[in-house]
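Participant: Dumping the structure here so I can ask a few things about it.
The values are calculated or read from the model by the stated rules, or taken from the named source; none is laboratory data. For clarity, every value in this text was computed on a predicted model and none was experimentally measured. Cβ coordinates were reconstructed from backbone atoms using ideal geometry, including for glycine residues, and neighbour counts include every protein chain displayed.
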Amino acid sequence: MSQGSGPRRVVLVGFMASGKSTVGRIVAQELGWRFVDVDTLIEHQEGASIPEIFRDRGERHFRAVEERLTRELLGEDRVVLASGGGWAARPGRLRDLPRGTVSVWLRVTPEEAVRRAGQRSSARPLLAVEDPVRTAGDLLAAREACYREADIEMDTGRQKPEDVAAAIVTWVTGRQANNGAV
Ligand code: S3P
């Protein structure tokens with residue numbers, strides 16, 4: 001594969017609890033690439049949990065750190081990123097990705113997201129509200145147009161993470177074999 005063509009990194013986007021970390025870890029393992037969960041990296045760098053960062057430093061601060069770290073990671077090759085659910089929700093974000101980046105939207109319904117977040121909803125400050133399904137629905141509706149700009153769209157409701165990951169790996173390796181630009 002010539003330099004500058006074919007997939008060199010994968011970024012998983014989508015709503016909270018859509019399975020970005022679970023699927024991303026499997027995809028990275030299959031491809032033999034590095035896996036990075038951006039939320040976890042932020043927590044390490046900030047020395048605080050996501051809810052603490054939101055509470056003590058504010059969402060603006062969180063978004064600035066998230067933006068900087070994700071941009072740095074998008075400069076790496078052979079990496080799979082599980083982005084934070086809000087990262088891709090900016091107009092044009094997925095259109096402006098560096099060459100060689102495959103973006104994948106993992107779809108989930110608000111009901112399923114809240115169900116999966118379950119008792120750990122306290123770890124997701126945006127869902128720690130009175131009516132999380134309604135909030136998730138509103139947030140998802142506002143973000144959907146941005147998520148839809150991803151190269152690939154996968155429904156996570158009826159498929160196991162392993163199957164979702166396998167489909168992504170097939171897509172990536174197929175493009176590599178064809179030297180397909182992304
Ligand atoms: C957020 C999603 C979270 C985390 C933060 C904000 C969002 O990541 O970055 O709580 O705005 O959707 P996950 O998608 O990994 O839950």
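Participant: How about the stretch 164-176: which of its residues are surrounded by fewer than 14 Cβ atoms within 10 Å (Cβ to Cβ) and modelled with pLDDT of 95 or more?
Facilitator: Within the stretch 164-176, THR170 is the sole residue that qualifies.
Participant: Let me ask something else about it. Take LEU106 and decide whether it is within 14 Å of the ligand (Cβ to nearest atom), in contact with a helix residue (DSSP H, G or I) (Cβ under 8 Å, 6 or more places away or on another chain) and more than 30 Å from ARG8 (Cα to Cα).
Facilitator: The answer is no for LEU106.
So that you can scan it fast, the table gives a plain yes or no per residue for (1) of a type outside the set (Gly, Ala, Ser); (2) on the phi < 0 side of the Ramachandran plot; (3) touching a residue at least 12 places away in the same chain (Cβ under 8 Å):
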position: ALA28; (1), (2), (3): no, yes, yes
position: ARG34; (1), (2), (3): yes, yes, yes
position: ASP39; (1), (2), (3): yes, yes, yes
position: HIS44; (1), (2), (3): yes, yes, no
position: ARG57; (1), (2), (3): yes, yes, no
position: ALA82; (1), (2), (3): no, yes, yes
position: GLY85; (1), (2), (3): no, yes, yes
position: ARG93; (1), (2), (3): yes, yes, yes
position: PRO110; (1), (2), (3): yes, yes, yes
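Participant: Of the residues ASP151, ASP155, ASP131, only one is over 19 Å from the mean Cα position of the chain (by Cα) and more than 13 Å from the ligand (Cβ to nearest atom); which?
Facilitator: So the residue among ASP151, ASP155, ASP131 that is over 19 Å from the mean Cα position of the chain (by Cα) and more than 13 Å from the ligand (Cβ to nearest atom) is ASP131.
Participant: Another question, then. Quick check, is VAL38 within 17 Å of the chain's Cα centre (by Cα), of a type in the set (A, V, I, L, M) and closer than 23 Å to PRO132 by Cβ?
Facilitator: So VAL38 fits the description; yes.
Participant: May I pose another question? Away from the ligand (no atom under 16 Å from the Cβ) and part of a helix (DSSP H, G or I), is that true of GLN176?
Facilitator: Answer is yes for this residue.
Participant: Still on this model: Within the stretch 8-25, work out how many residues are surrounded by fewer than 22 Cβ atoms within 10 Å (Cβ to Cβ) and assigned to a helix (DSSP H, G or I).
Facilitator: Total satisfying the criteria: 3.
Participant: Has the stretch 81-97 got any residue that is surrounded by 14 or more Cβ atoms within 10 Å (Cβ to Cβ), among the polar types (S, T, N, Q) and modelled with pLDDT under 95?
Facilitator: For the stretch 81-97, residues surrounded by 14 or more Cβ atoms within 10 Å (Cβ to Cβ), among the polar types (S, T, N, Q) and modelled with pLDDT under 95: absent.
Participant: Right, something else. Name the single residue, out of those in the stretch 1-35 being within 14 Å of the chain's Cα centre (by Cα) and among the polar types (S, T, N, Q), that is farthest from the ligand (Cβ to nearest atom).
Facilitator: Among those residues, the one meeting the criterion is THR22.
Here's the yes/no breakdown for (1) buried (at least 18 other Cβ atoms within 10 Å of the Cβ); (2) modelled with pLDDT of 95 or more; (3) out of contact with any Phe, Trp or Tyr (no Cβ under 8 Å at 6 or more places or on another chain):
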residue	(1), (2), (3)
SER103	yes, yes, yes
ALA117	yes, no, yes
ALA128	no, no, yes
PRO132	yes, no, yes
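Participant: Can you tell me which residue within the stretch 42-89, out of those that are within 11 Å of the ligand (Cβ to nearest atom) and of a type in the set (D, E, K, R), is farthest from the chain's Cα centre (by Cα)?
Facilitator: My answer is GLU59.
Participant: For the stretch 69-169, give me every one of the strands (runs of 3 or more DSSP E) that falls completely inside it and has 1 or more residues that are in contact with an Asp or Glu (Cβ under 8 Å, 6 or more places away or on another chain) and of a type in the set (Gly, Ala, Ser).
Facilitator: In the stretch 69-169, the matching strands (runs of 3 or more DSSP E) lie at 79-82, 101-107.
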